[in-house]
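The block underneath contains the structure these notes are about, expressed in structure tokens.
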2 protein chains.
Amino acid sequence: MPRRDSSQAAPRAHRPQLNRVYAAIADPTRRAILAALAGGELNVGSLAGRFPISFNGVSKHVKVLERAGLVRRRVRGREHWLRLRPEPLREATRWLEHYREFWEARLDALEALLVGTRGRRP
Amino acid sequence: MPRRDSSQAAPRAHRPQLNRVYAAIADPTRRAILAALAGGELNVGSLAGRFPISFNGVSKHVKVLERAGLVRRRVRGREHWLRLRPEPLREATRWLEHYREFWEARLDALEALLVGTRGRRP
DNA sequence: ATAATATTCTACCGATCGGTTGAATGATAA
DNA sequence: TTATCATTCAACCGATCGGTAGAATATTAT
């Protein structure tokens, strides 16, 4: 699969993979699935056993995580073994960090300006 | 508004605010709105002028960002001025960072174990 | 060969989403 | 007062979402 080089300074806006990653981790069940997978590889069945929803529900969540690139599937016989793929998280973190720092710096500067202009503020 | 103390070591799973933040930034239009707001306060109209969707569409996106706590609204007369609120991003970043580091360490350890066991690997 | 197991596929449900349109509200300007 | 402007509200649309149930597929066990 041809993968776009992600080592750019300013993150672009329209990256479907980034959309998918954020959408994937927006669901608490999927975050819990990722946390469960942090303990090591699991097949779909034993993973599903840890959640209060149906097997098929978990299977669908896994597919969402897979499309986001956060989970990799290794089929061996009739069992599908799932393992984490943290690479996309790195990009997602980078985007967040980039903007968070930028915004906080901007807002801090603005507040400093206001303080300097009209005195301190509770 | 009573706000939960968010200075805990291990991020919990069911935090609706976190869900809302990730869901909010999963949409590229909303990320672009945040980026536009990084340039300073804007009212809904001038913000909407920068996007190829309807005024009402932008207004709805702003409401989503507001419910996620990422945007604050200050009504002055008939204009609503919007400004960034980066605090929720800090929590969102913290969660991502926490898990990313944990997972990468785990997977690196696993890979090292495999390499040590059965020799090098392409 | 037959049965049990692990999993996906298909179809459905109600809820939410992104988006539009048109009407309503409220503040300013003439 | 009467327009005009900035904005939300309410209703709608088709698409997607989280979830369930049941059928289909393939692998393993008897």
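The values are calculated or read from the model by the stated rules, or taken from the named source; none is laboratory data. Just so it is clear, the structure is predicted and the values come from calculations on it, not from any experiment. Glycine gets a Cβ as well: all are built from the backbone with ideal geometry, and neighbour counts include every protein chain shown. Note: accessible area is taken over every heavy atom of the protein model, side chains too, but ligands, DNA and RNA are not part of it. Shrake-Rupley method; radii C 1.70, N 1.55, O 1.52, S 1.80 Å.
For the pair B:ALA112 and A:GLU41, how long in nm is the line joining their label points, each one 7 Å along Cα→Cβ?
Reported label-point gap for B:ALA112 and A:GLU41 is 2.1 nm.
Run the label-point distances for B:LYS63 please: 7 Å along Cα to Cβ, every other copy, nanometres, shortest first.
List, nearest first: 3.2 nm.
In square angstrom, rounded to the nearest 10, how much accessible surface does A:PHE55 have for a 1.4 Å probe?
110
Using a 1.4 angstrom probe and counting only protein chains, how large is the accessible area of A:TYR99 in Å², to 10?
Here the accessible area works out near 40 Å².
In nm to one decimal, list the spacings between the B:HIS80 label point and its equivalents in the other copies, with label points set 7 Å along Cα to Cβ, shortest first.
4.2
Expressed in nm to one decimal, what extension gain is obtained for the pair B:LYS60 and B:THR29 from 0.36 nm per residue of sequence separation less their Cα-Cα distance?
Stretched fully, the B:LYS60-B:THR29 segment lengthens by 10.0 nm.
Roughly how many nanometres apart are two label points built 7 Å out from the Cα toward the Cβ at B:GLN17 and A:ARG67?
Label-label distance for B:GLN17 and A:ARG67, simple model: 3.1 nm.
In nm to one decimal, list the spacings between the A:ALA38 label point and its equivalents in the other copies, with label points set 7 Å along Cα to Cβ, shortest first.
So the label point of A:ALA38 gives 2.7 nm to the other copies.
Skipping prolines and chain starts, which residues have an amide H placed within reach, meaning under 5 Å, of the one on A:ALA26, given they are 5 or more residues away or on another chain?
Answer set, sorted by chain and number: none.
Do any GluC sites (Glu not before Pro) in the range A:80-109 lie in a loop, going by DSSP, with at most 16 other beta-carbon atoms within 10 Å of their beta carbon, and if so which?
Within the range A:80-109, no GluC sites (Glu not before Pro) qualify (loop, at most 16 other Cβ atoms within 10 Å).
In cubic angstrom, how much convex hull volume per residue do the alpha carbon atoms of the range A:16-118 span?
Numbers: hull volume 12.4 nm³, N = 103.
Convex hull volume per residue, Cα atoms: 120 Å³.
Show the residues, 5+ positions off or on another chain, whose built amide H is closer than 5 Å to the amide H of B:TRP81.
Amide H neighbours of B:TRP81, under 5 Å, 5+ apart: B:ARG74, B:VAL75, B:ARG76.
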